[in-house]
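Take this structure, written in structure tokens, and hold onto it; I'll ask about it next.
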Amino acid sequence: MGKITVSAPGKLMLLGEHAVVYHHPCLVITVDQRIQTTVEVIDRNEFQLEARDVGISGYKKPISKLGKGHIPKGAKFVEIAVANSIGHPELVSGFRNKFGMTKEMGIRIKTESEFPSQYGFGSSSAVTVCVIKALSELFNLKLSKKEIFNLAYKTVLDIQGKGSGFDIAAAVYGGTLYFLTGGKTIEFLNVSSIPLIVGYSGVKSDTAVLVNKVKKSFSNKKNRLDEIYNSIEVLVNKAKAALIKKDWEMLGDLMNQNQNYLKELGVSTPKLDNMIKAALDSGAHGAKLSGAGGGDCMVAVVSDEKRGKVIGAIQSAGGEIIDIKTGAEGVRIE
Ligand code: PMV
């Protein structure tokens, strides 16, 4: 019976959040903290899951019940990813060829994360990508990166109903990406690393709640919402050029402008605002929230000389510094 371990990186949104849900581009970067997933084929007709980081231990159910009935929150992405993969025509025949239709077989999965799921680093997407990559390898299907993206995106939409898929693209492709909703464009940018500081606000945010909040509060200001999203798109395109030129001052300025629009959307918080102001007052080129808002992290782009000062200022504003390097490799076999 086969066994494989794969890992995928966490991510941070650099510019373009919210707009990317509505057919505008964004810029996303990966971080060097990863999720590891071990997938093993077992000779019991069961799906078994150990995911202690999200409170799942000793979870099991018959393969025939996969994706059905009550699924605890921490098990959802892994279980639906397996259900969708086994439902994938090629995977079904992979199982059939390898084990025969009558043979007892099942799958045991163990996940371990180098970062807490509260950070908003995209642990659900990363683990979904890991499961699909691992099954593709175990059954020798050689799914392409785009096929893994598509299957993982379907899994996330099945569970959340909404989402641009930028976090899945980050987990699959790694590096720094220019991404358009649903993966219509996934462009790998040649940027090795960005001088970022990441501050966690201490509050876990709920992406779906924030996306709905924006929709609701602009329901009778549709024109203004379109203007904001179009303006964010202009910033994203300029930031793409700044990134390629490694023009960190320009990137910082564009991040500041993006943050003003995020404030107008109503997704920043006083805590995030304070952390961002502290970073700017102590010399950061630019700073903004990263992701849905309402909590999670802020990011600041900073010169080497100002790094220590900016870190201290964010901490004084109550932020927790997360030590990361950007531009980590996408999903890989360990
Ligand atoms: O909160 P996060 O890190 O999952 O980022 C959400 C970004 C949104 O644009 C608001 C949603 C999405 O799916 O792109």
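Within the stretch 282-334, report the trypsin sites (Lys or Arg not before Pro) that DSSP leaves as loop and that have at most 15 other Cβ atoms within 10 Å.
Lys325
Next up: Looking at the stretch 220-322, which GluC sites (Glu not before Pro) are in a loop (DSSP not H, G, I, E or B) and have at most 13 other Cβ atoms within 10 Å?
Glu305
Hey, can you find the accessible area per residue of the chain for me, probe 1.4 Å, expressed in square angstrom?
That works out to 43 Å² per residue.
Convert 37 °C to kelvin, take the viscosity as 0.692 mPa s, use the Kirkwood radius over C-alpha pairs of the chain as Rh, and evaluate the Stokes-Einstein diffusion coefficient in µm²/s, rounded to a whole number.
It comes out at roughly 161 µm²/s.
Can you check what the net charge comes to around Pro72, using other residues whose Cβ is under 14 Å from the Cβ of Pro72 (Lys, Arg +1; Asp, Glu -1)?
Local net charge: +4.
Using only the Cα atoms of the stretch 199-263, build the gyration tensor, take square roots of its eigenvalues as a ≥ b ≥ c, and label the shape rounded, prolate or oblate: rounded if a/c is under 1.5, else prolate if a/b is larger than b/c, else oblate.
oblate
Report the charge-dipole magnitude of the chain in Debye, nearest 20, computed about the Cα centre from +1 at each Lys and Arg Cβ and -1 at each Asp and Glu Cβ.
Charge dipole, the chain, about its Cα centre: 840 debye, nearest 20.
Suppose every Lys and Arg Cβ carries +1 and every Asp and Glu Cβ carries -1, with no other charges. What dipole size does the stretch 196-322 come out with about its Cα centre, to the nearest 20 debye?
It works out to roughly 320 debye.
Tally up the carbon and sulfur contribution to the accessible surface of the stretch 94-196 as a whole percent, 1.4 Å probe, everything protein left in place.
47
Determine which lysines satisfy two conditions relative to Lys222: a Cα distance under 22 Å, and not lying fewer than 8 residues away in the same chain.
Lys162, Lys213, Lys263
Still on this structure: Please state the shape class of the stretch 196-322: rounded when a/c is under 1.5, otherwise prolate if a/b exceeds b/c and oblate if not, all from the C-alpha gyration tensor.
Verdict is oblate for the stretch 196-322.
Using a 1.4 Å probe on the protein chains only, how many percent of the accessible area of the stretch 205-294 belongs to carbon and sulfur?
Percent of accessible area from carbon and sulfur atoms in the stretch 205-294: 51.
The values are calculated or read from the model by the stated rules, or taken from the named source; none is laboratory data. These figures come from a predicted structure and were not determined experimentally. Neighbour counts are summed over all protein chains in view; Cβ atoms, including those assigned to glycine, are modelled from backbone coordinates with ideal geometry. In case anyone asks, the SASA skips ligands and DNA or RNA and just uses the protein heavy atoms, side chains included. Shrake-Rupley method; radii C 1.70, N 1.55, O 1.52, S 1.80 Å.
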